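The values are calculated or read from the model by the stated rules, or taken from the named source; none is laboratory data. Worth saying up front: this structure is predicted, and the values here are computed from it rather than measured. As a convention, Cβ positions derive from the backbone with ideal geometry for all residues, glycine included, and neighbour counts pool all protein chains shown. Heads up: the accessible areas ignore ligands, DNA and RNA and are worked out on the full protein's heavy atoms, side chains in. Shrake-Rupley method; radii C 1.70, N 1.55, O 1.52, S 1.80 Å.
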Amino acid sequence: MGCSSSSTKTRKSETSLKAALIIQNWYRGYKARLKARQHYALTIFQSIEYADEQGQMQLSTFFSFMFENYAHVHKEELELRKQSLESEQDMRDRHDYVDLIDVPDSYNGPRLQFPLTCTDIDLLLEAFKEQQILHAHYVLEVLFETKKVLKQMPNFTHVQTSPSKELTICGDLHRKLDDFMIFYKNGLPSESNPYVFNGDFVDRGKNSIEILMILCVSFLVYPNDLHLNRGNHEDFMMNLRYGFTKEILHKYKLHGKRILQILEELYAWLPIGTIVDNEILVIHGGISETTDLNLLHRVERNKMKSVLIPPTETNRDYDTDSKHNKVGVTFNAHGRIKTNGSPIEHLPKHEWEQIIDILWSDPRGKNGCFPNTGRGGGCYFGPDVTSKILNKYQLKMLIRSHECKPEGYEICHDGKVVTIFSASNYYEEGSNRGAYIKLCSGTAPRFFQYQVTKATCFQPLRQRVYTMESSAIKILKERVISRKSDLTRAFQLQDHRKSGKLSLSQWAFCMENILGLNLPWRSLSSNLVNIDKNGNVEYMSSFQNIHIEKPVQEAHSTLVETLYRYRSDLEIIFNAIDTDHSGLISMEEFRAMWKLFSAHYNVLIDDSQVNKLANIMDLNKDGSIDFNEFLKAFYVVHRYEDLMKPGVTNLG
């Protein structure tokens, strides 16, 4: 009897153990699938982000092309549009300008007292938490003072640490005001609590100016203990595409243009790196096999206004009449052409390329140094390149930012390269943690992670992943519909039987060949297309439930897709020739610029189609079009809100 009872208990225990193991294995598999789906969503976000940056870098070559051709297209107009660059005297008279801006008694935002103190840092943090806007008078005063101090600084700031003076390094912030919880968690900057902010303070959100003001005020209070490195987004041409310019002009309608002008100068004076304890190099992007730190210590960094204004072979000027009158051409803070009678200063090409590399490059696991095809600028550098450059300059480690990482940081190249990224929830709520590093001489780096969010703090992982997936698939579908004509042709070339179906491999090949996003298309297919019981893809379902709205029905679909795809580039280019800031360009300008654009970008669309559409969009028939409204007329419509309904098979 006792033996039978014991045997029964043993069987029950074995059954319970098996059940527990089954549940445990199921949960592990479930969590692994969620993590895989999260990874796929992040891959979509990152691939599209880098493709956009590649488009921005492509503008660089277009502007060189435009400078070489625009004078020949509009010699007379260019001569009429000569504008004097602001003189250095005008910049020195900044007190006269700022003093003319009154701060009315009715203003209830923060009021700064110069010279600034740590009290002003607290004041700004509290004010911005309440969504107050700093008056333009104070914004300009802070920017002018910051520029004045930056001009006295070297290209690389040298910092020493000690057990009583640990150094905190923060990566990209990108408008994430909530991420200034770093100051609450880690303490405000001070002589005993120094910081390095490693670039990309602005763009991609609505609080870039607040971030910049907190950093600049903190820098002015502690110029020896808070260090600012330039990132690839501290660039007025990047700001045109990624939102900071619009933010400034929206918040500061009266003085926004002046703020943008001083920002252009301030960016150029930001140091390009920090060297910690003579052994750790801190730069925004990375290195290449030709990185020359000795040269980078000497370059005139203030001549690097923008990566999108590359040096020409001879820094040549342009003829505007038969008497060979030389007119230098450049852009102002709004991307508009400015001219004067003297040549424009540029860095020599090899120095410009050196700075591009340290602002734009990314590490990879493969040895060697090869073009950064993902971003279109800088390079990919392998472990061998890291070892070579660090050894050459007696350094032990490279700390860089520039890439979103799920955990906020990543270590690679045998511990010699650290990526730090401080903007949590960068792509979507719950998409990634932010992090910062604390350094002290003689000890290993310490990493601190955080995630600032209100909406997702109590949501389970499943819900957070679903939210990310939905957003990622939505933007991917928008990219797909912008290439509908090209994709359709590619599908039909593969569809020899004219069945409307392709194998999954054929469909994935077409998607990658046309879109070039380097995505796991087979894994993503269940969210993008209909697949029959035999595993074949109904390829026209790639475009279901989404279309680009046509401003007029007469517009050809291929033209609509092209204008939608290049709308950001065209907005920057049209702003460049709108020198009177009217928001209008003549039909002649429109046609001339489109001819240059289509030639350079190899856009195979008959010019007559563009002319016809432009004529239709000239609503009052006065020979001019509002190009911003013109480009806004092309937008994507999703036919239902939730692209991924609960219960639908998700990524992976």
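Here ILE211 passes the criteria (1) within 25 Å of LYS151 (Cβ to Cβ); (2) open to solvent by 40 Å² or more (accessible area, probe 1.4 Å); (3) not small (Gly, Ala, Ser) except the one numbered (2). Answer yes or no as to whether ARG464 is outside any loop (DSSP other than H, G, I, E, B) and either polar (S, T, N, Q) or in contact with a Ser or Thr (Cβ under 8 Å, 6 or more places away or on another chain) (or both). Yes, satisfied. Looking only at segment 111-137, which residues are among the polar types (S, T, N, Q) and surrounded by 15 or more Cβ atoms within 10 Å (Cβ to Cβ)? The answer is GLN132, and nothing else. Among residues of segment 17-36 that are open to solvent by less than 80 Å² (accessible area, probe 1.4 Å) and part of a helix (DSSP H, G or I), those with a Cβ under 8 angstrom from a residue that is of a type in the set (A, V, I, L, M) and modelled with pLDDT of 80 or more, sequence gap 6+ or separate chain, pair up as LEU34/VAL465.
Taking ILE309 as the residue in question, decide whether it is open to solvent by 10 Å² or more (accessible area, probe 1.4 Å) and in a strand (DSSP E or B). No.
Give me the residue from segment 372-426 that is hydroxyl-bearing (Ser, Thr, Tyr) and in a loop (DSSP other than H, G, I, E, B) and, out of that set, farthest from VAL276 (Cα to Cα).
Per the stated criteria, the residue is THR373.
Filtering segment 471-480 to residues that are of a type in the set (A, V, I, L, M, F, W, C) and either open to solvent by 10 Å² or more (accessible area, probe 1.4 Å) or in contact with a Gly (Cβ under 9 Å, 6 or more places away or on another chain) (or both) leaves only ILE475. Going through (1) modelled with pLDDT of 95 or more; (2) aliphatic (A, V, I, L, M); (3) over 17 Å from PHE447 (Cβ atoms); (4) within 23 Å of the chain's Cα centre (by Cα) one by one, LEU177 falls short only on (1). Scanning segment 407-451 for residues that are exposed (fewer than 15 other Cβ atoms within 10 Å of the Cβ) and under 18 Å from the mean Cα position of the chain (by Cα) returns no hits.
Based on what the data block shows, is ILE356 among the hydrophobic types (A, V, I, L, M, F, W, C), without any contact (Cβ under 8 Å) to a residue 60 or more places away in the chain, buried (at least 17 other Cβ atoms within 10 Å of the Cβ) and over 18 Å from GLY171 (Cβ atoms)? Yes; evaluated as a whole, the condition is true for this residue. The condition (being on the phi < 0 side of the Ramachandran plot and assigned to a helix (DSSP H, G or I)) is satisfied by just one residue among GLN449, GLN492: GLN492.
Of everything in segment 214-241 that is assigned to a loop (DSSP other than H, G, I, E, B) and over 30 Å from GLY376 (Cα atoms), the residue that is most open to solvent (accessible area, probe 1.4 Å) is ASN224. For first residues located in segment 616-627 and closer than 12 Å to SER586 by Cα, partners that are of a type in the set (S, T, N, Q) and lie 6+ apart or on another chain with Cβ distances below 8 Å form the pairs ASP618/SER624; GLY623/SER586; SER624/SER586. Selection of first residues in segment 145-166 that are open to solvent by 50 Å² or more (accessible area, probe 1.4 Å) and of second residues that are not in a loop (DSSP other than H, G, I, E, B), restricted to Cβ pairs under 7 Å at least 6 apart or on distinct chains, gives the following pairs, ordered by first then second residue: LYS151/TRP269; HIS158/ILE275. Any residue in segment 516-534 that is within 27 Å of LEU631 (Cα to Cα) and surrounded by fewer than 19 Cβ atoms within 10 Å (Cβ to Cβ)? Within segment 516-534, one or more residues are within 27 Å of LEU631 (Cα to Cα) and surrounded by fewer than 19 Cβ atoms within 10 Å (Cβ to Cβ).
Evaluate the following for PRO348: is it open to solvent by 10 Å² or more (accessible area, probe 1.4 Å) and either within 21 Å of ILE309 (Cβ to Cβ) or of a type in the set (A, V, I, L, M, F, W, C) (or both)? The answer is yes for PRO348.
Just one residue in the set SER505, SER523 is touching a helix residue (DSSP H, G or I) at 6+ places or on another chain (Cβ under 8 Å), on the phi < 0 side of the Ramachandran plot, at pLDDT 95 or above and in a helix (DSSP H, G or I); that residue is SER505. Screening ILE169 on (1) out of contact with any strand residue (DSSP E or B) (no Cβ under 8 Å at 6 or more places or on another chain); (2) within 30 Å of ASN425 (Cα to Cα) shows it passes everything except condition (1).
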